[in-house]
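Read through the structure below, which is laid out as structure tokens, and then see the notes.
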Amino acid sequence: MLTYGKAMAILAFTGAVIAKPLPESGATFSLESNVVVRAPKHQLEHIVNIKRRLGVEVHPELAEAANKAAAKRNADLAARKVTGTASGRSPNPYDTEFVYPIRIGGTTFKVIMDTASSDTWVYSSAQPANQTVGHHIYQINPAHKKPGVNFTIGYDGASSQVEGDAYVEPITIGGITAKSTFGAASTAIADWTSDLSQDGVVGLGIPNFNQIGGFGKEKTWFVDAIPMLDKPLFAVAHTKGHGVYDFGFINQKKISGPITWVWNRVERYWDAYGFLGDGFGIGDPSAQITKRKMKIHLEAGTDISFTDPDIVKAWYSLIPGAVTVVEQGYTIPCNSKPPGWTVTIRGRKFFTPGCALISQPVDDEGKNCLGGLQNIGGGVDFSLFGINFHKGKYIIQDYTDPNHIKLGFAMQPGSNAC
């Protein structure tokens, strides 16, 4: 998973989710997030993970900047002595990540809902106590352990960041309970445990890439839940300050205009849903479109969008005060008014306003921010579209034929403005 957007505007846990009477089929529900102030990672740390996962060399200056951000975050944690849940509205307008409440084994967790990974795991009592301070944990139940099944996940593409054993429990999300296999962490690196905004991950990505017990050997929670849903699909319906998933139905009230359908493209053992775009534009919604075949992947749990170097360069060239330092990420003044960005899918325009493309501050004064479009580098030939692309759009993952997943794209009403 590309856990890129762990910054200040974290959407979080609202309390226990109470399961409704379980239907045999025909269920629908929407899962929403709320805002919380915690101690999430800085996005510079995630840029490093993204590059390493894709085999791109990390410039020493970027690594140093990420290390400094991590040190500051840990110092802030120590000063605050955070040990529990601190909820409230974020003091900044940057929707860098959304987290959601789920329930496993009698405990409610706040998790990242991720469409670019397929694994579900949470922190547990099997971990050393110093790794679980400030987190909700799964109390290990030996009777529910899946013999001989474990997991090891390295989100930076190399090292093992989280590992443990597999268990089977009823998992409740949005009132729907499905018995499913998940990972209970026995160890996790500090990069994860120091991020108090989350207690784990629910992977909603392509099922064949679930790494619990080995690729594709265990079902994802969504696949286990499909028999109870009215329709075998879910949709991402993020807006400013609000993360939303619709399960089992298409909410026509959130759609303006038709739905554009494409086939999901599986590529390079990548968990994320993928498709082909056919052009882009920079500026307002009427900007001229440059035709281009674009390999695109979706990541609804990540803030920034990554795309082709020339598109990124052209976008920043229109922003006064932009600093195009490739090694450390492109930055812009936090008070700037960047141009919008359009991607075409089967000839239809999908616009993202410029105000949605200002990301997290990179300095203590809040004057310079990461730009919402970045370039992965290293010859990577595909785009990765994060939260800022999803906001204002209604994006459907349809499993009617699980061997040929369809993706649907529509605009939400009023989506051309922030």
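The values are calculated or read from the model by the stated rules, or taken from the named source; none is laboratory data. Just so you know, these numbers come straight off a predicted model, no measurement behind them. A quick note on method: Cβ atoms are made from the backbone with ideal geometry, for glycine too, and the neighbour counts reach across all protein chains shown.
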Completion exercise
Checked pairs for segment 226-252, first under 17 Å from residue 356 (Cα atoms), second of a type in the set (Lys, Arg) and surrounded by 19 or more Cβ atoms within 10 Å (Cβ to Cβ), C-beta under 6 Å and 6 or more apart or across chains, list as 237/254; 238/391; 239/391
Problem - Extreme residue, farthest from residue 32 (Cα to Cα), among residues of segment 324-334 that are of a type in the set (A, V, I, L, M, F, W, C) and part of a strand (DSSP E or B) - result: 325
Problem - Matching entry among 165, 199 (being buried (at least 20 other Cβ atoms within 10 Å of the Cβ) and either over 26 Å from residue 142 (Cβ atoms) or touching a residue at least 40 places away in the same chain (Cβ under 8 Å) (or both)) - result: 199
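Being surrounded by 14 or more Cβ atoms within 10 Å (Cβ to Cβ) and at pLDDT 90 or above is the filter; apply it to segment 257-269 and report the residue that is farthest from residue 396 (Cα to Cα). Walk me through it before giving the result.
Of all residues in segment 257-269, those surrounded by 14 or more Cβ atoms within 10 Å (Cβ to Cβ) come to 259-262, 264-266.
Checking which are at pLDDT 90 or above leaves us with 259-262, 264-265.
Details: 259: 9, 260: 10, 261: 9, 262: 10, 264: 11, 265: 14 Å.
Taking the candidates together, the pick is 265.
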Completion exercise
In segment 270-294, anything crowded, with 18+ Cβ neighbours inside 10 Å and β-branched (Val, Ile, Thr) is listed as 282
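Among the candidates 301, 329, which residue alone is within 25 Å of the chain's Cα centre (by Cα), over 20 Å from residue 395 (Cβ atoms) and not aliphatic (A, V, I, L, M)? Steps first, answer last, please.
Values: 301 fails: over 20 Å from residue 395 (Cβ atoms).
It is 329.
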Completion exercise
Within segment 141-160, of all residues that are crowded, with 18+ Cβ neighbours inside 10 Å and in a loop (DSSP other than H, G, I, E, B), the one modelled with the lowest pLDDT is 156
